[in-house]
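The structure appears right after this line, and notes come after that.
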Amino acid sequence: MISYKLVLEQLNTLGLNYRFFGKPETRELANILNIGETIHFCTYGYYQGGSALLVATSSRLLLVDKRPFFLNLEDIRYEMINQVNFSGRMMDATVHLHTGNKQLKFRSFADSKLRGLCNFVQDQITSARQIEKGIGQVIPGTSEWRPYTLLPKRKIGKFSTITQQE
């Protein structure tokens with residue numbers, strides 16, 4: 001358990017300041033986080049049960065939903081996550097997390113923050129799996145999509161054809 005002031009400092013370094021929406025959740029984070037655990041990404045959005053704060057820390061992924069007389073807390077270790085799907089649209093973005101027999105669908109209007117969180121979670125999953133298998137160096141995969149490969153042109157007569165270099 002860490003102090004609320006330390007949680008606010010970590011959120012301020014990320015450029016986040018929840019004044020109205022997300023304020024009870026940030027107060028609850030002080031009770032949830034362990035000593036030495038740092039917040040890397042945080043975003044406010046909606047899931048199946050209502051509105052919540054999705055927080056990616058150095059060791060786990062937290063979903064915190066705090067209301068009067070109600071607290072819903074999901075603590076998901078990176079080793080437990082099987083699949084992460086991200087879909088972005090014009091106004092919002094959605095992350096689907098699959099863990100064993102559970103599925104979490106989280107939607108947020110801050111799509112760039114959710115995209116960064118998704119990439120961080122995928123990197124943590126990759127490093128956790130490589131540590132499990134005993135692979136020494138951790139090389140996370142890239143999520144860059146390249147649909148076309150540019151090939152050099154070679155002229156043959158009047159028409160130009162595209163061939164691969166050998």
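The numbers here are math on the coordinates, done by the rules we state, and not lab data. Everything quoted here is computed from the prediction, not taken from an experiment. Every residue, glycine as well, gets a Cβ built from its backbone with ideal geometry; the counts of neighbours run over all protein chains shown.
Between ILE131 and ASN82, the simple spin-label model (points 7 angstrom out along Cα→Cβ) gives 2.3 nm. Sparse packing (at most 11 other Cβ atoms within 10 Å of the Cβ) combined with a DSSP loop state is found for the following trypsin sites (Lys or Arg not before Pro) in the range 9-93: ARG19, ARG89.
Find, among the chymotrypsin sites (Phe, Trp or Tyr not before Pro) in the range 1-88, those assigned to loop by DSSP (not H, G, I, E, B) with at most 13 other beta-carbon atoms within 10 angstrom.
For chymotrypsin sites (Phe, Trp or Tyr not before Pro) across the range 1-88 that sit outside H, G, I, E and B with at most 13 neighbouring Cβ atoms in 10 Å, the list reads PHE20, PHE21, PHE69.
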